[in-house]
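*Asks:* Please find one structure pasted underneath; my questions will follow.
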Amino acid sequence: MNAISDKLYYSDPWLQKVNTVALSCEPAGENYEAVLRETIFYPTGGGQPHDLGSINGVPLLDVILREDEVYHVLSSPITPGPVECVLDWDRRLDHMQQHTGQHLLSAVLLKEYGYATESFHLGAEYSSIDISTSSFPVDEQTRVEEVVNSIIFQNVPIHIYWAAQAELDKLPLRKVPDLEGDLRIVEISGWDLSPCSGTHLSSTGQLSLFKLLRTENYKGMIRVYFLCGTRAFRDYQSKHAICSELGAILSVPIAELPTRTEQELNTKRELEREIAELKTRVMELHAQTLVSSGGESPLVAELPTGSLEDAKLLANSVLNLGTFSVVVKLQNHLFLAHNRSDSLHCGQLVKELALPLGGRGGGSPSSAQVFFPEQEGKEEFFRLLLEELK
Ligand SMILES: [Zn+2]
């Protein structure tokens, strides 16, 4: 390639637009890769995803760093020569906020509790780090949040500079560099000194807000999920809207939501228990009426509405009153059961008689259920069943 393009995303990470020159644009698979004389587009690396934006109106698909050269992946070619580059600034600022927030969070965790950061993930929805501890209690989480937000409030300057390999031993770096040669150092004054190749804010105030979301155990470490800046603010907006809506539904102030929700759930559980008791009582009465009517075997009951559980409950209530075979009709379902001493096999009956008529179901020797999509099949099966269960 002609030249190593000038990385403006390092010298001025706040630059959102630039007029420059496209040095080349070559086919690469189904796409094209352009090299620019200078670029504002950050390529994937250092735990930070690549930038998006456009070159002469052609949207960027990806930005790749290969042998220190930045390649801009485009779906259609651009003509070498003067070009206008526009950065997707919201995306970049978001990445700078999450990335810088991670530096600060990792520094506070190390200083306050000695927890080292083992890895960092910057995702589309949230970011996470894995820290070297098997326990991160809630009181520590609260304190870490407070310390990080107080450093944001203090608007501490962030310096970025290059350090030669020989100087590195003298710097109290938070993490050991895994690269040879000169290193880019990100310093949050008084708090952190880390080698890093990402883009960062110029003071902690630009983080505006930090929020821990949750933690989970991960391979003997703790994974900490967090949000910074606009993401944290939007999360607050969205959660406040949800809480307000819930408050309106339950007619209580937000602060009373947990207590009120628990009360409502307790009431629901109590009602469900009462309904179950009443259903059992109703089915027992239904069974007594059926048995006392002195019908022939099998006893036949019809439930106009209800569930298969109701049909089972009714059949069992009948069997509790004596030795019977019983059929419960429930819309297009039939439930059959018996407690006779003969070799009657309900599941087998369904298999032999119902399946050829289009029924679907099965069961055990003592009970079975079958569903008919067509009324006709159900009536024919019922007729055959009456013969068999006599
Ligand atoms: Zn960084």
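*Asks:* Let me check I've understood the local charge: for SER251, count other residues with C-beta under 14 angstrom from its C-beta, Lys and Arg +1, Asp and Glu -1. What total comes out?
*Replies:* -2
*Asks:* Here's something else I'd like to know. Using 0.36 nm per residue of separation minus the Cα-Cα distance, give me the extension gain between GLU302 and LEU357 in nm, one decimal. Show your work: numbers first, answer last.
*Replies:* On the way: separation 55, 0.36 × 55 = 19.80 nm, distance 2.08 nm.
Full extension of this stretch gives 17.7 nm more.
*Asks:* How far is helix 89-113 tilted off the main Cα axis of the chain, in degrees rounded to 10, range 0 to 90?
*Replies:* 90
*Asks:* I've got another one for you. If I take every Cα pair under 8 Å that is 6 or more residues apart in the range 1-138, average their sequence separation and divide by the length, what percent do I get for the relative contact order?
*Replies:* RCO, the range 1-138: 21 percent.
*Asks:* Along each of the three principal axes of the Cα atoms of the chain, give the extent in whole Å, ordering the values from largest to smallest.
*Replies:* 100, 53, 40
*Asks:* Could you put ASP6, ASP130 in order, starting from the residue whose Cβ has the fewest other Cβ atoms within 10 Å?
*Replies:* ASP6, ASP130
*Asks:* Let me ask something additional. Once you list every other residue whose beta carbon is under 13 Å from the beta carbon of PRO157, what net charge do they have if Lys and Arg are +1 and Asp and Glu are -1?
*Replies:* That sum, taken over residues with Cβ under 13 Å, equals -2.
*Asks:* Using amide H atoms built in the peptide plane, which far-off residues or other-chain residues are under 5 Å from VAL70 H to H?
*Replies:* Amide H to amide H, under 5 Å and 5 or more residues apart or across chains, VAL70 pairs with SER5.
*Asks:* Here is a further query. When a/c reaches 1.5 or more, the comparison of a/b and b/c decides; with that in mind, is the range 1-144 rounded, prolate or oblate per its Cα gyration tensor? If you can, show how the numbers build up before the last one.
*Replies:* Working: a/c = 2.88, a/b = 2.68, b/c = 1.07.
It comes out prolate by the Cα gyration axes.
*Asks:* Sticking with this one: Alpha carbon centre of the range 70-112 versus the range 210-232: separation in Å?
*Replies:* When both Cα centres are located, 21 Å separates them.
*Asks:* Please list, in chain and number order, the residues 5+ apart from LEU60 or on another chain whose amide H is under 5 Å from its amide H, with Hs placed from the backbone.
*Replies:* GLY53, SER54, ILE55
*Asks:* At GLU118 and ARG37, where each label point lies 7 Å from the Cα along Cα→Cβ, what is the point-to-point distance in nanometres?
*Replies:* 4.9
*Asks:* Restricting to DSSP H runs of at least four residues, report the calculated mean residue ellipticity at 222 nm for the chain, -39500 (n - 2.57) per run over all residues, nearest 500 deg cm²/dmol.
*Replies:* -11500 deg cm²/dmol
*Asks:* Rounded, prolate or oblate: which fits the range 54-124, taking a ≥ b ≥ c as square roots of the Cα gyration tensor eigenvalues, rounded meaning a/c under 1.5, else prolate when a/b beats b/c?
*Replies:* Since a/c reaches 1.5 and a/b is larger than b/c, the shape of the range 54-124 is classed as prolate.
*Asks:* Could you give the nm distance between label points at SER76 and ARG214, where each point is 7 Å from its Cα heading toward the beta carbon?
*Replies:* In this crude label model, SER76 to ARG214 measures out at 4.4 nm.
*Asks:* Could you give the length gained by full extension between ARG234 and SER134, i.e. 0.36 nm per residue of separation minus their alpha carbon distance, to one decimal place?
*Replies:* Working: separation 100, 0.36 × 100 = 36.00 nm, distance 3.06 nm.
Value of the extension gain: 32.9 nm.
*Asks:* Still on this structure, please answer the following. Find how much the distance from GLU67 to ILE242 grows on full extension, using 0.36 nm per residue of separation minus their present alpha carbon separation; answer in nm with one decimal.
*Replies:* Here the segment from GLU67 to ILE242 would lengthen by 58.2 nm.
*Asks:* Each residue of the range 358-370 in order: what ³J(HN,Hα) in whole Hz does its phi give by Karplus 6.51 cos²θ - 1.76 cosθ + 1.60, θ = phi - 60°, with x for Gly and Pro?
*Replies:* x, x, 10, x, x, x, 9, x, 8, 7, 7, 9, 8
*Asks:* Which order do the peptides 190-196, 312-318, 215-221 take when ranked by the mean count of other beta-carbon atoms within 10 Å per residue, highest first?
*Replies:* 312-318, 190-196, 215-221
*Asks:* What's the exposure ranking of LYS329, LYS111, LYS170, LYS211, going from fewest to most Cβ atoms within 10 Å?
*Replies:* LYS170, LYS111, LYS329, LYS211
*Asks:* For helix 375-388, what angle does its Cα long axis make with the longest principal axis of the chain, in degrees from 0 to 90 and rounded to 10?
*Replies:* It is inclined by approximately 50 degrees.
*Asks:* Near the amide H of LEU213, under 5 Å away, which other amide H atoms are found, from residues 5 or more places off or on another chain, if H is placed in the peptide plane?
*Replies:* The answer is TYR225, PHE226, LEU227.
*Asks:* Quick one: what are the phi-derived ³J(HN,Hα) couplings along the range 74-80, Karplus 6.51/-1.76/1.60 with θ = phi - 60°, whole Hz, x for glycine and proline?
*Replies:* Running phi through 6.51 cos²θ - 1.76 cosθ + 1.60 with θ = phi - 60° gives 10, 7, 9, x, 10, 7, x Hz.
*Asks:* Provide the FRET efficiency to the nearest 0.05 for the LEU386-LEU285 pair, computing r from the beta carbons and using R0 = 30 Å.
*Replies:* 0.75
*Asks:* Quick one: compute the contact order of the range 279-388, relative version, from alpha carbon pairs under 8 angstrom and 6+ residues apart, as a percent. The partial results should precede the final answer.
*Replies:* Values: 199 pairs, mean separation 21.7, N = 110.
Reported as a whole number, the value is 20 percent.
*Asks:* Still on this model: For the chain, what is the relative contact order in percent, using Cα pairs closer than 8 Å and at least 6 residues apart in sequence?
*Replies:* Relative contact order comes out at 9 percent.
*Asks:* Continuing with the same structure: Projected onto the charge dipole of the chain (+1 at Lys/Arg Cβ, -1 at Asp/Glu Cβ, origin at the Cα centre), which of ALA164, TYR9, ALA276 gives the Cα projection farthest towards the positive end?
*Replies:* Checking the options against the dipole of the chain, the answer is ALA276.
*Asks:* Using the basic label-point model (7 angstrom from Cα toward the beta carbon), what is the TRP14 to GLU26 distance in nanometres?
*Replies:* 3.7
*Asks:* For helix 308-319, report the angle its Cα long axis makes with the longest principal axis of the Cα atoms of the chain; keep it between 0 and 90° and round to the nearest 10°.
*Replies:* 30
*Asks:* Can you run phi through the Karplus equation (6.51, -1.76, 1.60; θ = phi - 60°) for the range 119-124 and list ³J(HN,Hα) in whole Hz, with x for Gly and Pro?
*Replies:* Once rounded to whole Hz, the list reads 7, 9, 10, 10, x, 5.
*Asks:* What is the distance in Å between the Cα centroid of the range 243-258 and that of the range 347-362?
*Replies:* So the two Cα centres are separated by 52 Å.
*Asks:* Give the order of LYS7, LYS268 when sorted by the count of other beta carbons within 10 angstrom, beginning with the fewest. The partial results should precede the final answer.
*Replies:* On the way: LYS7 18, LYS268 10.
Fewest to most other Cβ atoms nearby, the residues stand as LYS268, LYS7.
Here, each number is a calculation from the coordinates, and none is a lab measurement. Since the structure is predicted, the reported quantities are computational estimates derived from the model, not experimental observations. Cβ: placed from backbone, ideal geometry, glycine included. Neighbour counts: every protein chain shown.
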